[in-house]
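Asks: A single structure is presented below for examination.
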Amino acid sequence: MRIFIDTASIDEIKEAHALGILDGVTTNPSLMAKEGITGKDNIIDHYKRICEIVDGDVSAEVISTDFEGMVREGEELAKIHDNIIVKVPMTVDGVKAIHHLYENDIPTNCTLVFSAAQAILAAKAGAYLVSPFIGRIDDTNWEGMDLIDQIAEVYAIQDFETEILAASIRSSKHIVQCAQAGADVVTCPLSTIKGLFKHPLTDIGLEKFLADYRKGNS
Ligand code: E4P
């Protein structure tokens with residue numbers, strides 16, 4: 001399972017990259033706005049900077065909502081770097097755009113997926129990645145992980161090639177459950193990636209090893 005960071009922050013991307021376990025980056029318009037990246041030229045430059053740091057998939061989301069606009073934007077984004085994956089929302093025009101881009105060898109990430117039905121459409125259209133948002137489902141008092149299980153089952157039975165990118169990850173537990181469910185990718189905030197390292201018994205154990213070493217070598 002690949003691990004992506006879900007941010008547009010260059011500092012966070014650099015920090016995650018330095019950990020040696022980072023496989024890619026996802027962004028969205030909210031994350032870009034949070035970093036104060038506005039205007040087409042600045043946004044394109046920002047994607048270029050991200051691609052220079054991480055040698056892996058970098059999802060760049062279209063802003064248009066109509067088929068023609070999504071295709072035009074997708075083609076422009078794809079020209080930025082070979083690692084750009086065009087992120088397209090799960091709408092009727094979005095699915096049409098995903099199929100058009102697929103036929104023109106431009107890989108896509110179908111985003112804002114909240115049901116297995118939508119995941120089937122993404123796969124049929126030829127999306128390279130499908131992004132079910134599990135944390136946002138949890139927020140509605142339903143079980144986001146059930147969706148990952150369901151999509152993984154359907155994709156395996158149907159031999160769909162689209163990869164499952166579990167998004168809206170909120171905890172280490174989500175990440176482990178996604179690995180168990182067979183998700184191909186998880187995309188997480190930096191804090192959640194760093195949470196994977198933590199276990200109190202590791203800290204206690206290390207402290208004791210070093211204390212014993214100091215006793216024997218003083
Ligand atoms: C996915 O690509 C999205 O950017 C992201 O995971 C959304 O997560 P959120 O629900 O924490 O905003």
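Asks: I'd like to check something: does the range 129-140 contain any residue that is surrounded by fewer than 18 Cβ atoms within 10 Å (Cβ to Cβ) and in a loop (DSSP other than H, G, I, E, B)?
Replies: yes
Asks: Looking at the range 144-193 only, could you name the residues that are away from the ligand (no atom under 14 Å from the Cβ), among the polar types (S, T, N, Q) and exposed (fewer than 15 other Cβ atoms within 10 Å of the Cβ)?
Replies: Gln158, Gln180
Asks: Looking at (1) in contact with a helix residue (DSSP H, G or I) (Cβ under 9 Å, 6 or more places away or on another chain); (2) farther than 17 Å from Asp6 by Cβ, can you tell me which one Ala117 breaks?
Replies: All conditions pass for Ala117, except number (1).
Asks: Taking Asp105, is it among the charged types (D, E, K, R) and closer than 20 Å to Cys188 by Cβ?
Replies: no
Asks: Among the residues of the range 1-31, write down those that are of a type outside the set (S, T, N, Q), touching a residue at least 12 places away in the same chain (Cβ under 8 Å) and surrounded by fewer than 21 Cβ atoms within 10 Å (Cβ to Cβ).
Replies: Those that are of a type outside the set (S, T, N, Q), touching a residue at least 12 places away in the same chain (Cβ under 8 Å) and surrounded by fewer than 21 Cβ atoms within 10 Å (Cβ to Cβ): Met1, Arg2, Ile10, Glu12, Lys14, Glu15, His17, Leu19, Ile21, Asp23, Pro29, Leu31.
Asks: Please determine, by comparing only the residues of the range 43-73 that are in a helix (DSSP H, G or I) and farther than 16 Å from Ile84 by Cβ, which one is most open to solvent (accessible area, probe 1.4 Å).
Replies: Glu68
Asks: Then there's this: Of all residues in the range 32-42 being in a helix (DSSP H, G or I) and of a type in the set (A, V, I, L, M, F, W, C), which is surrounded by the fewest Cβ atoms within 10 Å (Cβ to Cβ)?
Replies: Here the residue is Ala33.
Asks: So which residues in the range 104-128 are at negative phi and either acidic (Asp, Glu) or in a strand (DSSP E or B) (or both), if there are any at all?
Replies: Selection gives Thr108, Asn109, Cys110, Thr111, Val113.
The values are calculated or read from the model by the stated rules, or taken from the named source; none is laboratory data. None of these values were measured; they are calculated from a predicted model. Don't worry about glycine lacking a Cβ; one is built from the backbone with ideal geometry, like all the others, and counts go over all protein chains shown. Accessible surface is based on the protein model in full, side chains and every heavy atom, while ligands, DNA and RNA are left aside. Shrake-Rupley method; radii C 1.70, N 1.55, O 1.52, S 1.80 Å.
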